[in-house]
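Enquirer: First the structure, which I've put down as structure tokens, then a few questions once you've had a look.
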Amino acid sequence: MTTPHQQPQAQPPGGGPAAEAPSTAQAATQTAQPLSYTKPPQQAPAQPPAQPPAQPPTQPPGADHAAQYPPPGGAPAGAYGGGYSSPIPITRTHLGHAIASEWTKIRSVRSTMWTLSIMFVLVVGIGGLSAVGRAGEDNISMPMLSSGLFGLMLGQICIITLGVLVVTSEYGTGMIRTTLTACPQRGRVLLAKSLIFFLLAFVMTTVACTLTALIHHSVLSGPVDRLDYGYTSYEESVKAGEFVVQDGEWLGATVGAGLYVALLGLLSLAVGALLRHSAGAITTMMGVVLMPLVIALFMVGEAMETLREKMLEFSPLNGLASLYLIPMQDDQDASGWPLLGLLALVTAGALMAAYAMLTKRDV
Amino acid sequence: MIELEGLTKRYGEKVAVDHLTFSVRPGVVTGFLGPNGAGKSTTMRLLLGLDRPTAGDIRIDGRHYDQLRDPLNYIGALLEAKSVHGGRSAYNHLLCLAQSNGIPERRVPEVLDMVGLTAVAKKRPKGFSLGMGQRLGIAQALLGDPRIVMFDEPVNGLDPEGIHWVRTLMQQLAAEGRTVFVSSHLMSEMSLTAEHLVVIGQGKLMADTSMAAFIHENSRTYVRLRTPEPERLRNVLHTAGIPAVAVSDGSLEVENVAAARLGELAAEHRIVLHELSPQQASLEEAFMQLTAGSVEYHAHTTAEGPEARRGGQGWGQGWQEGR
Ligand SMILES: Nc1ncnc2c1ncn2[C@@H]1O[C@H](COP(=O)(O)OP(=O)(O)OP(=O)(O)O)[C@@H](O)[C@H]1O
Ligand SMILES: [Mg+2]
């Protein structure tokens, strides 16, 4: 592709009178390429009908102009030359374009606004209420920031829904055909969608969780009169008669929780791409998140004990709870980070499966 | 230039497109005709790389669709089904497409204006009428100012003014040297716009010819005669060596003889004529004739199909061989 500076003959410096320079684009193609079709293109406007004539030559020259209107180098020469060549700049598309496009898409539908606002209200609202509720008690039943989990357990459903909808709404409406026509590199579309959604979900969830944690901190920290806690791990929540935040608690209850929920959302996006059906994908994700816990609740008796313990340990909700330092399994020192790593691996696997299916299947 | 080579697509047992080989040249409007379920939309989806061919190849200027680095600048397509998210405003819909191909944003209001949707640019397509949706689709197709335009039944749902507009638009686009490939069921509509014609039936190629040749081959002209004395007229014609066909409604049809000559002949023998009218079989009839054998989905309410009227399938095939 030639740069604008390499073709000075075609256009006098400074643009020249508009009448003399029809369009550099056309001038170039008309002279350079054989006309292999029956009807020659019309001399003057190589433009669609009602389009206003304000096109390249009349624009003021300059760096901006040059960047905006590179000459059409995308036209393959030879046998397929001639035809029509557009005054609109030809751009070699890349991931950046797909990302810009996906950002416009995600911010221009109502479901994004709704799911994120509801998530915010649930996380901060329920979190704030439980913080205020705990302020009256003088026994410490759990670490300071941990009641943020209650709101987030509901709020994550919104992120899961949004993740699913990012893909399935395109299948439901037929938009996917338009999307893949505009960007036939299907992997690029999936990657752009994943990046945009993940960043948005991560930032929003982390902000909501951080706000909740700050509310907890401002409401709950201070001296405790009576030490009436059952579990040893909560001893660390009390130092010198003060209710304090444990080591690693801040990180887990903000960035950790944000990452975990955003990953769950990304997993939902992958499941949506695999199933191509909103209700199906959302139901599947609800099952993934809730079923291990529900099944474990119904597993009674000695024989089932180890299985039950495993179900609890690998339940997605346990990962989140562990980040808030209130794990559901018996090992009360379990950290949520290994489970977050596991979730990341599962998500990566699901995305790869989604990519494979997307490239293989008809739309 | 679009080139198909032995293009075949199966959906399970169903062969939607069956060894299609033809090409679509720039500079003219190429009409793509076929009855319902003939495989027109499937062919277009295959071209856009949305569906993968079972066999054969479909190329755009020698390349596959996914090898195009600037797809919207290359091909603008209006797909059959509304392929728009109903909840995203027309403006944002076009904007996200423009961004995905690095097309400057100022192009969005331009194309909206071109199709007459400026007033509803901020409205969501969910509430659009059929014709408005079609206009948005056309705006989308023109967004990248493409050198190839492909419309799947563009006049579907448009009002007369809109139909006229699409017709002129397509001709204008072709005159600018673009490749215009447009599908339709309506032969009469195509005869007004298309210069070249590709007809398929049940996924198979039935005709690939210029519109002029098609009209020439297929517009059967004849003269209809009506008289209170049909027997006498027939005898007179017979004596003059003119074959006449009696039609069920009591009139006679004569081919290849000028109406003037027939009138003079009748006057000579003092036969009263109630009607002496030159007739032309419509292109629609010719089209039905051509695809008669390949219509899969037809209604069973009409007593008399095109097959019954002029005995059938061999006609289309013979014609195809003759090209
Ligand atoms: N995704 C699909 N799965 C299964 N069969 C399909 C699919 N798409 C098309 N077909 C079948 O392929 C055949 C061709 O369909 P297509 O939509 O291409 O026809 P068409 O020529 O566009 O018809 P119309 O004029 O009604 O729009 C039909 O019999 C249809 O049932
Ligand atoms: Mg169709």
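Enquirer: Just wondering, is there one or more residues in the range B:151-174 that are within 16 Å of ligand 2 (Cβ to nearest atom), buried (at least 19 other Cβ atoms within 10 Å of the Cβ) and on the phi > 0 side of the Ramachandran plot?
Expert: Yes, the range B:151-174 has at least one match.
Enquirer: For the range B:129-155, give me each residue that is more than 13 Å from chain A (Cβ to nearest Cβ) and more than 16 Å from ligand 1 (Cβ to nearest atom).
Expert: B:Ser129, B:Gly131, B:Met132
Enquirer: From the list B:Leu130, B:Leu95, B:Leu72, pick out the single residue that is closer than 17 Å to A:Ile176 by Cα and modelled with pLDDT under 95.
Expert: Just one listed residue meets the conditions, B:Leu72.
Enquirer: Assess whether B:Glu80 counts as being under 25 Å from A:Leu190 (Cα atoms) and more than 9 Å from every other protein chain (Cβ to nearest Cβ).
Expert: Considered against the rule, which asks whether it is under 25 Å from A:Leu190 (Cα atoms) and more than 9 Å from every other protein chain (Cβ to nearest Cβ), B:Glu80 comes out as yes.
Enquirer: When the residues of the range B:19-38 are filtered to those that are more than 13 Å from the chain's Cα centre (by Cα) and within 16 Å of ligand 2 (Cβ to nearest atom), which remaining residue is nearest to B:Glu153 (Cα to Cα)?
Expert: Filtering the range B:19-38 for residues that are more than 13 Å from the chain's Cα centre (by Cα) and within 16 Å of ligand 2 (Cβ to nearest atom), the one nearest to B:Glu153 (Cα to Cα) comes out as B:Gly37.
Enquirer: Follow-up. Select from the range B:23-59 the residues that are closer than 23 Å to B:Met187 by Cα, away from ligand 1 (no atom under 15 Å from the Cβ) and of a type outside the set (Val, Ile, Thr) and write down the one among them that is modelled with the highest pLDDT.
Expert: B:Ser23
Enquirer: Being assigned to a loop (DSSP other than H, G, I, E, B) and either within 16 Å of ligand 2 (Cβ to nearest atom) or without any contact (Cβ under 8 Å) to a residue 24 or more places away in the chain (or both) is the filter here; which residues of the range B:63-93 pass it?
Expert: As a first pass, look at the range B:63-93 and keep what is assigned to a loop (DSSP other than H, G, I, E, B): B:64, B:68-70, B:79-89.
Hits for the range B:63-93 are B:His64, B:Leu68, B:Arg69, B:Leu79, B:Glu80, B:Ala81, B:Lys82, B:Ser83.
Enquirer: Same structure, new question: Among the numbered criteria (1) surrounded by fewer than 23 Cβ atoms within 10 Å (Cβ to Cβ); (2) farther than 15 Å from A:Leu269 by Cβ, which one does A:Gly172 miss?
Expert: Unmet for A:Gly172, out of (1) surrounded by fewer than 23 Cβ atoms within 10 Å (Cβ to Cβ); (2) farther than 15 Å from A:Leu269 by Cβ: (2).
Enquirer: For B:Pro230, which of the numbered conditions (1) assigned by TED's automatic domain parsing to the domain that holds B:Ile138; (2) surrounded by 16 or more Cβ atoms within 10 Å (Cβ to Cβ) fails to hold?
Expert: (1)
Enquirer: Could you go through the range B:8-17 and let me know if any residue there is more than 22 Å from B:Met187 (Cβ to Cβ), at pLDDT 95 or above and away from ligand 1 (no atom under 11 Å from the Cβ).
Expert: Scanning the range B:8-17, I find at least one residue that is more than 22 Å from B:Met187 (Cβ to Cβ), at pLDDT 95 or above and away from ligand 1 (no atom under 11 Å from the Cβ), so the answer is yes.
Enquirer: Now for a separate question. For a quick check of your reading of the model, give me the residue pairs whose first member lies in the range B:43-59 and is within 19 Å of A:Thr178 (Cβ to Cβ) and assigned by TED's automatic domain parsing to the domain that holds B:Glu80, whose second is near ligand 1 (Cβ under 9 Å from one of its atoms) and assigned to a helix (DSSP H, G or I), with beta-carbon atoms closer than 8 Å and at least 6 apart or on different chains.
Expert: B:Asp51/B:Thr42; B:Asp51/B:Arg45
Enquirer: Tally the residues that are at the interface with chain A (Cβ under 8 Å from one of its Cβ atoms) and within 25 Å of B:Ala119 (Cβ to Cβ), restricting the search to the range B:66-76.
Expert: 1
Enquirer: Here are B:Ser100, B:Ser89: which of them is away from ligand 1 (no atom under 12 Å from the Cβ), within 11 Å of chain A (Cβ to nearest Cβ), small (Gly, Ala, Ser) and surrounded by fewer than 24 Cβ atoms within 10 Å (Cβ to Cβ)?
Expert: Every option except B:Ser89 fails the conditions.
Enquirer: Give the residue, chosen from A:Ala321, A:Ala296, A:Ala350, that is in a helix (DSSP H, G or I) and under 23 Å from A:Thr254 (Cβ atoms). Working first, answer last.
Expert: Working: A:Ala296 fails: under 23 Å from A:Thr254 (Cβ atoms); A:Ala350 fails: under 23 Å from A:Thr254 (Cβ atoms).
The unique qualifying residue is A:Ala321.
Enquirer: I need a count of the residues in the range B:39-56 that are more than 16 Å from ligand 2 (Cβ to nearest atom) and away from every other protein chain (no Cβ under 14 Å).
Expert: Total meeting the criteria: 2.
The values are calculated or read from the model by the stated rules, or taken from the named source; none is laboratory data. As the structure is a computational prediction, the values presented were derived from the model and not from experiment. As a convention, Cβ positions derive from the backbone with ideal geometry for all residues, glycine included, and neighbour counts pool all protein chains shown.
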